[in-house]
Amino acid sequence: MTCHDFLEEVDALALGAVSPGQAVALQRHRLSCERCDLAFNRSLRAVDALPLIAPLIAAPASLRASVLSVVDAPSAAEPDRQRQTAVHSRADRPASGLRPVAEAGAASAVLPADRSGTPHRHRRTMRWPHWPALAAAALVLVVAGLSAWTYSLKREVSELRHAATRSNATDGAPAVAAQHAALLLLSSSDTVTARLMPPDGSVSAVGAVIWNAKQKQCVVLAGQFAPLSPRQEYHLWFRSGAKRWDGGQLVRDAAGAAEAVVSMERWPLDAGYRISVVVQPRVDDGSRQPVLSGEVQ
Amino acid sequence: VLMMGPSVIEAATDGDEALSRACRGDAAAFRLLYDRYADLVYSVALLVLADESAAEDVAQEVFLRFWRKLASFDPQRGQFASWLMRVTRNRAVDEVRARGRLRTHQRALDEAVDDLIDEHAVDPALMAVLEGEREQVRLAMAALPDEQREVLVLAYFSGLTQEEIAIKTGAPLGTVKTRIRLAVSKLRSHLSTEIERKRA
């Protein structure tokens, strides 16, 4: 790889937008070339600012509890022990949302003491006349276990790939497109957001609108929609003063969520809008039952 | 302009005494750092993953990784905040890739948007420290043409490679590469000018 090749890709490398194989080759060159290393660090410093466009969300209290319980634990000075206690899958988590880090830490702290106790000493003094046979059996078990594990991993990866392909091809596309549009709007200046609330104050459905008048685009995200009869649909309406614009159908997915990216190219944007999600018949007869509404200025 | 000084985050969080104390094993100082950065770490993970539970797992892993590596961290290098954000983003993107890019938790983004207007939901100290910098980055991003902003967001927050961006946007690979180069170059130029202006 030449310096020219590296400099062509240096920004993509800093962004993490190169394949793993390409990244290895680029990093290898960077480590051997001071000039390219400087160029990489320049790009990285610009890219490092990008997290600041994330909307700040308060971290949950359960996160603080789980992190600080490890830090405050008496065994915290021993890194290996922390490693055992730190990572918990979501499946391990109790219903309350708090992770049992402290309990797990306590359990792992107890184990070494048990192992150094009487039972081990007793085991060491035991004589087993057929130990080669036992060792061979253990080896067979280990090999069989490893094979099964490898097979299971391969299958899992294959299923993930299949699911990703399926998702890209069908249901996932509109949702991802809306999330993509929402991200772009959120990273722009002059973007405003508003909640969409049920008109009766109930919590049956939730929604939000992300609106950018300069870009003449808005994204509506909604969830917790109840299933409808085949003759009905969720529909989006925009109103400004006496005028009304049709924002189109909101298609509810299996999880009850719906999203829409609406181009406002042909709409006047010098006034605020009231945005409503209603249930209406597929063959519109003018009857509308409001589900969510909100305003943007 | 060669931008070899601190990044915008570093410029805002430079000379952090809590970091020096945490690196000497002071748990109280670590707690302080946690309280200062937890919202930002969680927010970045949530933006990438769009899943509250997974974002919490990633944030937990990032903070505990920092705690384990305290002894090898040099506070004088002044790269803590950037390191924290970079690790968070990379871990979150790894998680997205492991899930085959399935972002099924739509509500997380809804709630992220809702919480945007609830400024009391986040640490006021962090808001005060970083608000000016956040605005700078937003302005720098807003100054980019749409297609350049798009490639930055897709690469950084969605974790797509250049090839994947080309497929997703329908643009030729060469065009995507050019957009990335131009976008990072403009971002760098805008931010370095701001930092130089602040220093002056």
(message) Checking the conditions here, which among A:L15, A:L50 is touching a residue at least 24 places away in the same chain (Cβ under 8 Å), open to solvent by less than 10 Å² (accessible area, probe 1.4 Å) and at the interface with another protein chain (Cβ under 7 Å from one of its Cβ atoms)?
(response) A:L15
(message) Every residue in segment A:18-41 that is under 25 Å from B:A166 (Cα atoms), open to solvent by 20 Å² or more (accessible area, probe 1.4 Å) and not hydroxyl-bearing (S, T, Y), please.
(response) A:P20, A:G21, A:Q22, A:A23, A:V24, A:A25, A:Q27
(message) Among (1) open to solvent by less than 20 Å² (accessible area, probe 1.4 Å); (2) modelled with pLDDT of 85 or more; (3) touching a Ser or Thr at 6+ places or on another chain (Cβ under 8 Å), there is one condition A:L56 misses while meeting the rest; what is its number?
(response) (2)
(message) With the requirement that a residue be among the aliphatic types (A, V, I, L, M) and assigned to a strand (DSSP E or B), what does segment A:267-297 give you?
(response) A:I275, A:V277, A:V278, A:V279, A:V291, A:L292, A:V296
(request) Out of the residues in segment A:252-266 that are part of a loop (DSSP other than H, G, I, E, B) and surrounded by 14 or more Cβ atoms within 10 Å (Cβ to Cβ), state the one that is modelled with the highest pLDDT. (result) A:R252
(request) Evaluate segment B:84-97: report whether one residue or more is open to solvent by 50 Å² or more (accessible area, probe 1.4 Å) and modelled with pLDDT under 85. (result) yes
(request) Could you give me the residue pairs with C-beta distances under 7 Å whose first residue belongs to segment B:20-39 and is within 11 Å of chain A (Cβ to nearest Cβ) and within 13 Å of B:V62 (Cα to Cα), whose second residue is open to solvent by less than 60 Å² (accessible area, probe 1.4 Å) and among the charged types (D, E, K, R) wherever it lies, and which are 6+ apart or on separate chains? (result) B:D39/B:D123
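Yes/no matrix, rows are residues, columns are (1) more than 12 Å from chain B (Cβ to nearest Cβ); (2) out of contact with any helix residue (DSSP H, G or I) (no Cβ under 8 Å at 6 or more places or on another chain):
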site	(1), (2)
A:P199	yes, yes
A:K216	no, yes
A:V219	no, no
A:A222	no, no
A:S240	yes, yes
A:V262	yes, yes
A:G272	yes, yes
(request) Residue by residue through segment B:152-191, note down the ones that are in a helix (DSSP H, G or I), modelled with pLDDT of 90 or more, small (G, A, S) and surrounded by fewer than 24 Cβ atoms within 10 Å (Cβ to Cβ). (result) B:A166, B:G174, B:S185
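The values are calculated or read from the model by the stated rules, or taken from the named source; none is laboratory data. For clarity, every value in this text was computed on a predicted model and none was experimentally measured. Positions of Cβ are backbone-derived with ideal geometry, glycine not excepted, and every protein chain shown enters the neighbour counts. The protein model used for the area step is the full one, side chains on, heavy atoms only, and it has no ligands, DNA or RNA in it. Shrake-Rupley method; radii C 1.70, N 1.55, O 1.52, S 1.80 Å.
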